[in-house]
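Heads up, the thing below is written out as structure tokens.
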Amino acid sequence: MTMEAERTLREEEISQLGELAAQLRVDAIRCSTRAGSGHPTSSLSAADLLAVLISRHLRYDWADPRSRANDHLIFSKGHASPLLYACFKAVGAITDQELVDTYRQFGSRLQGHPTPALPWVDVATGSLGQGLPAGVGIALAGRYLDHLPFHVWALCGDSEMAEGSIWEALDKAGHYALGNLTAIVDVNRFGQRGPTELEWDLDTYRRRVEAFGCQAIVIDGHDLVAIDERWAAPGRRPARRWCSPGRSRARGCPRSRTSRAGTASR
Ligand SMILES: Cc1ncc(C[n+]2csc(CCOP(=O)(O)OP(=O)(O)O)c2C)c(N)n1
């Protein structure tokens, strides 16, 4: 079997990925509904992207979070913690009971925004614009100091792209040719108070990302096959720096932003 054929998803695998994405959505809603607060819709829009990422691309030994070979997964849009924790449940790192019963409770390690109290979290995020810059630092260390083969994956929100620190980070990623870093921009068209500046103008996102010296890959954020193929692409040719805006809606929740749950720790 050729490398190309191994990478092509079979019908059964596509179906499993779809089921996983649905489960991630369900779990994100379950835990935030139980807590009575959180950002479920911010989680829904990126569920397909994360289903493909944790199943097919993230190289991570969940039993050994301190392994230096592990990839790094950073939720720069840390308010989407229900999705991150749903992923932790999906890979068996936490139980369903911990997810649903302790999310956003005092003393719990599953806080409204991820913190390194969790062994699978590198940096605390939640203040928008912080996670991707931290990811650039980790990628720089991996490439130039420690010479380790890990990849850094950072999930950003589209409204988060209004933070100048995101563009400083992309500038450094481009300058230092960080092919070991992927910034995933979840372009769901909404920020906290309404539509984002660029809404679904993906071409402008693409041109801006390229202007900062990075490679832009525009994907339908709900097309499981396309996500998988486009993320696999750098492995088939010499990796360059790249950034991946994925257009997405908050699936499973038609009035996504107006149906957001509470706002306790924004
Ligand atoms: C620096 C900073 N400013 C404001 C907030 C409050 N806040 C929390 S979520 C949010 C909207 C984020 O929108 P986006 O990045 O598009 O992510 P989405 O929830 O749409 O996926 C804002 C402004 C914050 N967390 N950090």
(1) within 16 Å of the ligand (Cβ to nearest atom); (2) out of contact with any His (no Cβ under 8 Å at 6 or more places or on another chain) all hold for D61 apart from (1)
How about region 40-86: which of its residues are in contact with a Pro (Cβ under 7 Å, 6 or more places away or on another chain) and either modelled with pLDDT under 95 or not small (G, A, S) (or both)?
-> P40, P65, F75, P82, L84
Counting only residues in region 153-178 that are more than 13 Å from S76 (Cβ to Cβ) and assigned to a loop (DSSP other than H, G, I, E, B), the one farthest from the ligand (Cβ to nearest atom) is identified as A177
Quick one: is I184 away from the ligand (no atom under 15 Å from the Cβ) and of a type in the set (A, V, I, L, M, F, W, C)?
-> no
Taking F150, is it of a type in the set (A, V, I, L, M, F, W, C), at pLDDT 95 or above and near the ligand (Cβ under 9 Å from one of its atoms)?
-> no
Find all pairs meeting these conditions: Cβ atoms under 6 angstrom apart; at least six residues apart or on different chains; first residue within region 213-224 and part of a strand (DSSP E or B); second residue among the aliphatic types (A, V, I, L, M).
-> A216/V209; I219/A226; I219/I227; D220/A226
Answer yes or no: is there a residue in region 172-179 that is hydroxyl-bearing (S, T, Y), over 21 Å from G126 (Cα atoms) and free of Cβ contacts under 8 Å to residues at least 24 places away in the same chain.
-> no
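Among the residues of region 124-152, count how many are closer than 24 Å to G191 by Cα and in a helix (DSSP H, G or I).
6
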How do the pairs read when you match residues in region 55-69 that are in contact (Cβ under 8 Å) with a residue 40 or more places away in the chain with residues anywhere that are surrounded by 11 or more Cβ atoms within 10 Å (Cβ to Cβ) and not in a loop (DSSP other than H, G, I, E, B), using Cβ under 7 Å and keeping only pairs 6 or more apart or on different chains?
-> R56/D228; H57/W231; L58/L73; L58/W153
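Scanning region 116-128 for residues that are within 16 Å of the ligand (Cβ to nearest atom) and crowded, with 21+ Cβ neighbours inside 10 Å, which turns out farthest from F75 (Cα to Cα)?
The extreme case among them is L128.
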For residues that are within 15 Å of the ligand (Cβ to nearest atom) and of a type in the set (S, T, Y), scanning just region 187-236, find the one that is nearest to K77 (Cα to Cα).
-> T196
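The values are calculated or read from the model by the stated rules, or taken from the named source; none is laboratory data. Values in this document were obtained by computation on a predicted structure and should not be read as measured data. Glycine gets a Cβ as well: all are built from the backbone with ideal geometry, and neighbour counts include every protein chain shown.
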